[in-house]
Amino acid sequence: MNEIEMEIEQVHVMPLIPLRGMTILPDTVIHFDLNREKSIKALEYAMVKGGKLFLVSQRNVEADIPKEEDLYHMGTIAEIRQITKLPNQIIRVLVEGRRRGILKGINEENKSFMEACVEDVQRVEEEGGNKAAVGEAMIRQLREYFAQYAAYYPKIDKNAMQRYANVDDPGSLMDQIAMNLPIGYEKKQQVLEAVSLKERYDVLCVQLLNEIEIARVREELAGRMKERVDKSQKEYLLREQLRYIREELGEDKSFSDADQFEASLRELQASEEVKARIKKEISRFKSLIGSSSESAVERAYLETLLELPWDKASNDTENIKKAGEILEREHYGLEQVKERILEFLAVRCLTKKGESPIICLVGPPGTGKTSIAKSVAEALNKKYVRICLGGVRDEAEIRGHRKTYVGAMPGRIAAGLKQAGVNNPLMLLDEIDKVSNDHKGDTFSALLEVLDGEQNVRFRDHYVEIPLDLSEVLFMATANTTQTIPRPLLDRMEIIEVNSYTENEKFHIAKEHLLKKQLEKNGITKKMLTIQDGALKNIITYYTKEAGVRELERKIGDICRKCAKEILEAREAGAESEKIKVTASNLDKYLGNRKYSMNKANKEPQAGIVRGLAWTSVGGDTLQIEVNMMPGKGEIELTGQMGDVMKESAVIGISYVRSVGEKNHIRPEVFKENDFHIHIPEGAVPKDGPSAGITMATALFSAITGEKVRSDIAMTGEITLRGRVLPVGGLKEKILAAKMAGMKEVLVPAENKKDIEEIKEEIKEGLVITYVKEMNEVLKRALI
């Protein structure tokens, strides 16, 4: 082994500039930028003292004020050739490396710039008699290696080869080649630290050969790729290059879409059947060209499959008491709905898997059908998904479009599951009675499979194609009427009627829920505004006429906004605003004159005028049916926008009166010599249905015989030709309307007794309800 001889001069003290991410070698000319204050001061000092600097690389690139341990021990003594000032206080320095130097220490006393003690490495020689031959051999081999390297990079500086041809010193040639190689500063530092020629030659040759091999593999990959892909497919080329590089390196890690899909598939909670199908789709996706439209379709399809909650479920609550408290807190009344939900929860707790009921809430607008579904979801600790079916007329909205179509997407049921993220949410099918059909398919028929507990275990969406299990979904539907819902669909749902609210129920809802909500919404506190109970009751009676409470909430909101304006005006005037009290007496100040009046009972009994009861979409109402008899030819005139069924009831009524005329001493000539005019006031409002049958028959009998009808009695019921009284619907609303109109007695069909018993006592209080089977019973109770 040869011994190395080093001639070292005495220690020099000179300014030091630390370099970040850069190494400068001797016999090279290079420029770099300075912006650190200490480095700039070191440069200025060097210019004053002869232009020499010690340049050394930082081990820790992040250190802004490096210490001695953050620097390499070997650096380069350089001379300053040129200084250029750039914007933003940056100085560009051109230097020429002269020789190597060893950092022996840093002068800590100098605080303005870094000053180093440097040992000057002048010359290194090796033992042996063939120094010239060894040096020439090194030079020739290095030139050959560099020529091989340059062959792979045609854009490399042509003058470099000529410059290197004129360099006779092997050490200088090695430093120049290393400086111009595209390698990291750590590898250049290795060359700098190799003081002996042999060591430096070994280090540089390894790095050159490594770069030549990398260039060879890169060219080989490019050649192999060129045979397989079209030149214009730049994106595909990059993907294939990346794949082949990974194959060469033996790396398994990948961040491509396909790999992400596979990673998501491994974490997916689904059956083996579903996973196998998704795996097959991922394999197909891999074989597609990335830029093709089919690839985009397949990607969207895979994303949908992986986002669906196949076997992922949320934990339902098992605390029936807490569920009941939530339902009571959020809604006043609606006892039947609450009871059914708690029954379902009790069965689920006992069996751990009860059949989810499909509940359809039917009732007028504004009665809380949609909001109670949200409360049920909270009470059962289920995810809530609302699907509005109003105006949906395409079967594909429910089942989805086949993915071969442009812009295809899953149906609303599958999209709802995807939105919920679990396979057992509460799914509300809002406004199910507003679904319509056209030439694109029957939407109601598509819902048959969704809402059938026996079939929806394997619901097939056209887009998803893999059967979805909907058996764990708790379906709830809302509708204003069941008349537009087909019978097969209606048969699959459990109908719960959400009837109109009574005045008392509206009062409690307003006081406990609506008032608090509107105060908060309008930025008013309880200290600023009080609405007395009497005012609330007057709002309900004289300013709203509805089954629900939406208009009531709007009226309370109107009061809050007017009060907010008063409060702000008082503040701007500098006066302290007093607490505003809204009472029954000053209510018109905030809401104006009364919009509605109570249709009270007549003060005196009259002949030919009878009070009937009707159901409307906004609750119950009373109808005053009037009959006039005048000389004529026996014709019947019907006015008041009556529907066909109501007109038939009028004809049946007069036929009945004629049939019992002899018993009641009515001459047959009366029906030939007189015309009969039947009118129902409020002619602009359409009216229909058979429930006014006994009312019209009583009015006709009274007008013909002249016997007066009690003014405090109301009635409802369908009549037959033989005088039998048949049952009718909407009795809760009708009884409520009779009570509000000040009636004392209500005649209802005997077959409706079971319906009357279900009505709360607070509604029936103060009313005498009489059950009738025959028309003669009606006449006995109604006529004076």
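If you go through the range 20-79 one residue at a time, how many are surrounded by 15 or more Cβ atoms within 10 Å (Cβ to Cβ), polar (S, T, N, Q) and more than 21 Å from residue 194 (Cα to Cα)?
Adding up the residues that qualify gives 1.
Which residues, counting only those in the range 86-119, are closer than 25 Å to residue 33 by Cα, at pLDDT below 85 and not polar (S, T, N, Q)?
108, 111 - these are the residues of the range 86-119 that are closer than 25 Å to residue 33 by Cα, at pLDDT below 85 and not polar (S, T, N, Q).
What pairs come out if I take residues in the range 245-269 that are open to solvent by 100 Å² or more (accessible area, probe 1.4 Å) and pair them with residues that are at pLDDT 60 or above and part of a loop (DSSP other than H, G, I, E, B) whose C-beta lies under 9 Å away, six or more apart or interchain?
Filtered contacts from the range 245-269: 269/309; 269/310; 269/311; 269/312; 269/313.
Given the conditions (1) over 30 Å from residue 299 (Cβ atoms); (2) modelled with pLDDT under 80; (3) open to solvent by 50 Å² or more (accessible area, probe 1.4 Å), which single one is not true for residue 164?
Residue 164 satisfies all of (1) over 30 Å from residue 299 (Cβ atoms); (2) modelled with pLDDT under 80; (3) open to solvent by 50 Å² or more (accessible area, probe 1.4 Å) except (3).
Cβ-Cβ below 8 Å, separation at least six or inter-chain, first residue in the range 585-596 and within 15 Å of residue 552 (Cβ to Cβ) and open to solvent by less than 80 Å² (accessible area, probe 1.4 Å), second at pLDDT 85 or above and among the small types (Gly, Ala, Ser): which pairs?
Hits for this filter: 587/535.
Going by the conditions given, is residue 502 in contact (Cβ under 8 Å) with a residue 24 or more places away in the chain and out of contact with any Phe, Trp or Tyr (no Cβ under 9 Å at 6 or more places or on another chain)? Steps first, please.
Details: in contact (Cβ under 8 Å) with a residue 24 or more places away in the chain: yes; out of contact with any Phe, Trp or Tyr (no Cβ under 9 Å at 6 or more places or on another chain): yes.
In short, yes.
Condition first: of a type in the set (Lys, Arg), over 27 Å from residue 462 (Cβ atoms), free of Cβ contacts under 8 Å to residues at least 24 places away in the same chain and part of a helix (DSSP H, G or I). Can you find one or more residues in the range 280-298 that meet it? Please lay out each step first, then the result.
Our first condition is that a residue be of a type in the set (Lys, Arg); within the range 280-298, this holds for 280, 284, 286.
Filter once more, keeping what is over 27 Å from residue 462 (Cβ atoms): none.
Scanning the range 280-298, I find no residue that is of a type in the set (Lys, Arg), over 27 Å from residue 462 (Cβ atoms), free of Cβ contacts under 8 Å to residues at least 24 places away in the same chain and part of a helix (DSSP H, G or I), so the answer is no.
Name the strands (runs of 3 or more DSSP E) wholly within the range 452-564 that hold at least 1 residues that are aliphatic (A, V, I, L, M) and open to solvent by 20 Å² or more (accessible area, probe 1.4 Å)? Step through it out loud before you land on a result.
Working: elements: 474-479, 494-497, 529-531.
Those strands (runs of 3 or more DSSP E) span 494-497.
How many residues are touching a residue at least 40 places away in the same chain (Cβ under 8 Å), part of a helix (DSSP H, G or I) and in contact with a Phe, Trp or Tyr (Cβ under 9 Å, 6 or more places away or on another chain) if we restrict to the range 738-776?
The qualifying residues number 1.
For the range 574-604, what are the residues that are closer than 23 Å to residue 519 by Cβ and either at pLDDT below 75 or not in a loop (DSSP other than H, G, I, E, B) (or both)? Show your work before the answer.
Within the range 574-604, the first condition is being closer than 23 Å to residue 519 by Cβ, and the residues that meet it are 575-592.
Answer for the range 574-604, where residues must be closer than 23 Å to residue 519 by Cβ and either at pLDDT below 75 or not in a loop (DSSP other than H, G, I, E, B) (or both): 575, 576, 577, 578, 580, 581, 582, 588, 589, 590, 591.
Which of the helices (runs of 4 or more DSSP H) found entirely inside the range 618-709 contain at least 1 residues meeting this: more than 60 Å from the chain's Cα centre (by Cα) and in contact (Cβ under 8 Å) with a residue 60 or more places away in the chain? Let's see the steps before the verdict.
Working: elements: 644-659, 670-673, 693-705.
In the range 618-709, 644-659, 693-705 are the helices (runs of 4 or more DSSP H) which contain 1 or more residues that are more than 60 Å from the chain's Cα centre (by Cα) and in contact (Cβ under 8 Å) with a residue 60 or more places away in the chain.
Applying the selection to the range 306-326, what residues are within 30 Å of residue 465 (Cα to Cα) and in contact with an Asp or Glu (Cβ under 7 Å, 6 or more places away or on another chain)? Walk me through it before giving the result.
Kept after step one, since they are within 30 Å of residue 465 (Cα to Cα), are these residues of the range 306-326: 306-316.
Answer for the range 306-326, where residues must be within 30 Å of residue 465 (Cα to Cα) and in contact with an Asp or Glu (Cβ under 7 Å, 6 or more places away or on another chain): just 313.
The values are calculated or read from the model by the stated rules, or taken from the named source; none is laboratory data. Quantities reported herein were computed from a predicted structural model and do not represent experimental measurements. FYI the Cβ positions are ideal-geometry reconstructions off the backbone, even for glycines, and counts take in every protein chain you see. Calculation scope for accessible area: heavy atoms of the full protein, side chains included, ligands and nucleic acids excluded. Shrake-Rupley method; radii C 1.70, N 1.55, O 1.52, S 1.80 Å.
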